[in-house]
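The structure appears below as structure tokens.
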Amino acid sequence: MLDYILVIPFGLAGIAGFIGFFLKLRELLRVRAYGGRTDAEIVGVKEEIVNPGKSSETAYYSPVIQYRAGGTLYRKTYSKITSPVKQKTGEKIRIRYDLKEPSLFAEEKLTELALQTLGFLVLGVGMLYFIGHVFVR
């Protein structure tokens, strides 16, 4: 009986693992499709306060990066995060950019993305094994 009770949460975790796997895989393939590579410099951090003075006040930080692609200098605000930016002004990060539309870019974190993708895949396969083991008995 306990086996069947565990099937639902572990089954949902397995489904979530597969969804996470496909989302990360899609992101990995999108980043790899960007043919341009360059180093970008963090030139500042934009801070945005939402609901100032209220209990739901939240600070968002967005690194501002600058890079050169195809002879043009681009200055872009990177993704919003809710904790202070780890990188410091003047630090370099490796990015990939779309050769047809150089203003589209993504930080090159292929190793991290690949490991996350593998992790989600292993989670999903493990959950399917667990569910299969419970129902095969």
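The values are calculated or read from the model by the stated rules, or taken from the named source; none is laboratory data. This structure is a prediction, so every number in the text was calculated from the model and none was measured. Note: ideal-geometry Cβ built from the backbone for every residue, glycine included; neighbour counts use all protein chains shown. Each accessible area value is taken on the protein alone, full model and side chains, heavy atoms only, with ligands, DNA and RNA left out. Shrake-Rupley method; radii C 1.70, N 1.55, O 1.52, S 1.80 Å.
See the values below:
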read-out: Apportionment of accessible area to carbon and sulfur, segment 21-101, percent (1.4 Å); value: 48
read-out: Residues of segment 19-63 with amide N under 14 Å of the 7 Å Cα→Cβ point at LYS88; value: 42-44
read-out: Average accessible surface area per residue within segment 35-82, 1.4 Å rolling probe, Å²; value: 62
